[in-house]
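Structure, as structure tokens:
Bear in mind these aren't lab numbers, they're just calculated from the coordinates by the rules spelled out. Source: prediction; values computed, not measured. Positions of Cβ are generated from backbone atoms using ideal geometry, with glycine treated the same way; all protein chains shown enter the neighbour counts.
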């Protein structure tokens, strides 16, 4: 591995993080500045660490897949560590393991929290917490490529390692321009949501917090009751619509802007995503009407919101679905596993992988019935190569292997199986709430430091889709060349 190049690129990423801390600093000064000192100290430490790493002089600028994956994995771990400093230094989260968890939850857009009283935090800290969602949603490395296009040659490896989904679509040939297009689409949708929220009478600060959280499909709110605190159907509708939009592959928006409606209409993953969303919402709504005596409008209102928040992996809440009937809870857990679309800001396994896995299963059945037949897997009219299918199979194995191991590890704390397994699913799929102790009305403060670190790493592993982080455990990956 080209270690000097790897750590030099990480240094640039830390400098970007230090620059981002200026935003909550400004917010802090506007609202009184009680947390300004902690932000300034954290900014200085992060900038110093990043600056020192950029002084490393690599022998060459050859960035291979190995270095790309290492840069992404180590960057996200270090971003979470340095991003936790404002909370730790200020004292609003005095335990470093908890502060790391909160920041990893922010950057990974999970939205899980150890805080029992969110509203007690200063304005600057709350804004930094939500800004990590926005930056982590599209990707810190994608932002760095947009701002620093000369980070290194063959930087497609950085995007492939950080972008969710089986593959990364290159909208244009140049990677730096590709990153800028993605961020322009991302910012554009966020601004539209911000304007819509302001039209409901929401304050600028509140609107920014919830627009950033929705855009990154993260779910951090500055209110303990989350979206329910506004008691506004208009706010719920806006958040529901934009959660669904941010759970869609961003490449499709680019196609629409370019007038390529055929690419949108032929996208099978989008159709599956929307059909499942509607069907699941109707079933859960009916379940609430029949078993919990909800009236039909209220049942559909709550079911559509919660299905959207789970499928987009946003994690906002308007109701405690932990109290809903077993059928509704089971459907929501299933949706937690799959999550959003590939190429979106959402987490989970992605619907395109489920489609490919189902098609692979059908192919194996056909081969069993007709051993000599030629069977190929197609998606949207295109043949899927065997390497892609192997990658999908490997991803599913990695997901459930980490799920089992992590659940066993955090079981040391003695909580219920429902709490443990849904906490890990929530972390790996970047959802936020689970069931039991970690339901929408609960939090993760009851876990030990050991379990908190395990869940923090699960959030980062899930956000980077396993292999970049797991690669760090392979001794051969670190050998010099």
Q) Between residue 257 and residue 373, what FRET efficiency comes out of the Förster formula 1/(1 + (r/R0)^6) with R0 = 41 Å and r the beta carbon distance, rounded to 0.05? A) 0.45
Q.
Can you tell me, using C-alpha contacts under 8 Å and at least 6 residues apart, the relative contact order of region 69-126 as a whole percent?
A. 28 percent
Q) How are the Cα pair distances of the chain distributed, in percent, across 20 Å bins from 0? A) 25, 59, 16, 1
Q) With each pseudo-label sitting 7 Å past Cα toward Cβ, what's the residue 357-residue 265 distance in nm, one decimal? A) 3.2 nm
Q. Using the Cα atoms as the points, what is the convex hull volume per residue of region 340-459 in Å³?
A. 128 Å³
(Q) Above 20 Å lies some portion of the pair distances; for region 232-377, what is it as a whole percent of all C-alpha pairs? (A) 54 percent
(Q) Considering only C-alpha atoms, what is the centroid distance from region 305-342 to region 410-438, in Å? (A) 14 Å
Q: Kindly give Rg over Rh for region 1-141, based on alpha-carbon atoms, with the Kirkwood expression for the hydrodynamic radius.
A: 1.01
Q. 222 nm [θ] for the chain, helices only, -39500 (n - 2.57) per DSSP H run of 4+, per residue, to 500?
A. -20500 deg cm²/dmol
Q) Which number do you get for Rg(Cα) / (2.2 N^0.38 Å) in region 175-302? A) 1.21
(Q) For a protection proxy built on the mean count of beta-carbon atoms within 10 angstrom, sort 250-259, 437-446, 207-216 highest first, please. (A) 207-216, 437-446, 250-259
Q.
So if the hydrodynamic radius of region 51-116 is defined as the Kirkwood radius over C-alpha pairs, what does Stokes-Einstein give as its diffusion coefficient at 20 °C and 1.002 mPa s, in µm² per second?
A. 158 µm²/s
(Q) Sequence gap at least 6, Cα distance under 8 Å: using those rules, report the relative contact order of the chain to the nearest whole percent. (A) 19 percent
Q.
Can you give me the C-alpha center-to-center distance between region 439-481 and region 1-64, rounded to a whole angstrom?
A. 22 Å
Q | Alpha-carbon radius of gyration plus Dmax, which is the widest Cα pair, for region 383-425 in Å | A | 14.5, 48
Q: Work out the FRET efficiency for residue 191 and residue 31 from their Cβ-Cβ distance, taking R0 = 35 Å, and round it to the nearest 0.05.
A: 0.95
Q | Principal axes of region 297-411: Cα extent on each, largest first, Å | A | 54, 39, 28
Q: In nm, give the distance between the simple-model label positions of residue 225 and residue 364, each being 7 Å from the Cα along the Cα-to-Cβ direction.
A: 4.9 nm
Q.
Could you sort the peptides 412-422, 238-248 by per-residue average Cβ neighbour count (10 Å cutoff), highest mean leading?
A. 238-248, 412-422
Q) For residue 22 and residue 60, FRET efficiency with R0 = 25 Å and r from the beta-carbon atoms, rounded to 0.05? A) 0.15
Q | By average C-beta atoms within 10 angstrom, highest first, the peptides 64-73, 312-321 | A | 312-321, 64-73
